[in-house]
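To keep things clear, I will list the structure first and then write my remarks on it.
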Amino acid sequence: MNGAPPLSSAERALLDAAYEEALAGLREGGIPIGSALMTPDGMIVARGRNLRVQTGDTTAHAEVSCIRNAGRRRDWHTLTLASTLSPCIMCTGASLLHRIPRVIVGENRTFMGAEDLFASRGVRLTVVQDARCIALMERFIRERPELWDEDIGVPKAE
């Protein structure tokens, strides 16, 4: 748990939903990153996965897809977002724009996102270092390094 407090059963279910989305994305030939949003009473209101490969939309990261799937809401400031991987700067910005106050990250060993930006804005961030999330990304990066580099903006080697 990396010094983080243990997740509640609702938070664990939220991370599980995000992980299921990541697996669905991998089955579709995409990048295995998933996300989910939950209300304070534990209801999952949206799920999303990285759809960049499947749709050709470079902004279709998991957290952005999840936020899109949540639709129009007035309760963003009460929701918790879970992501299987530390959110990139774009996804961090989207969650900050919507004033989501709590973020649960499955892992940040394979990719460290803009966690410092969350901290600077007072977002409660919990990094779980979930073994499933780590193993999934490590395997993907090992098997599809060119696709991973494309997703995180690493220029093609010449």
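Tabulated results
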{"quantity": "Segment 21-50, residues that are closer than 14 Å to S83 by Cα and part of a loop (DSSP other than H, G, I, E, B)", "calculated": "I31, P32, I33, N50"}
{"quantity": "Check on R109, modelled with pLDDT of 95 or more, in contact with a Lys or Arg (Cβ under 6 Å, 6 or more places away or on another chain) and either open to solvent by less than 20 Å² (accessible area, probe 1.4 Å) or not aliphatic (A, V, I, L, M) (or both)", "calculated": "no"}
{"quantity": "Which numbered condition G56 fails, given (1) in contact with a strand residue (DSSP E or B) (Cβ under 8 Å, 6 or more places away or on another chain); (2) of a type outside the set (D, E); (3) free of Cβ contacts under 8 Å to residues at least 12 places away in the same chain", "calculated": "(1)"}
{"quantity": "Condition met for S86 (touching a residue at least 40 places away in the same chain (Cβ under 8 Å) and either touching a strand residue (DSSP E or B) at 6+ places or on another chain (Cβ under 8 Å) or not in a loop (DSSP other than H, G, I, E, B) (or both))", "calculated": "yes"}
{"quantity": "Residue within segment 4-20 that is touching a strand residue (DSSP E or B) at 6+ places or on another chain (Cβ under 6 Å), outside any strand (DSSP E or B) and at pLDDT below 95 present", "calculated": "yes"}
{"quantity": "Matching entry among R68, R124 (being open to solvent by 60 Å² or more (accessible area, probe 1.4 Å), closer than 27 Å to P6 by Cα, touching a residue at least 12 places away in the same chain (Cβ under 8 Å) and not aliphatic (A, V, I, L, M))", "calculated": "R124"}
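The values are calculated or read from the model by the stated rules, or taken from the named source; none is laboratory data. Everything numeric here is computed off the predicted structure, so don't read it as measured data. When we count neighbours, we look across all protein chains shown, and the Cβ atoms used for this are built from the backbone with ideal geometry, even at glycine. Surface areas here come from the heavy atoms of the whole protein model, side chains and all, with no ligands, DNA or RNA. Shrake-Rupley method; radii C 1.70, N 1.55, O 1.52, S 1.80 Å.
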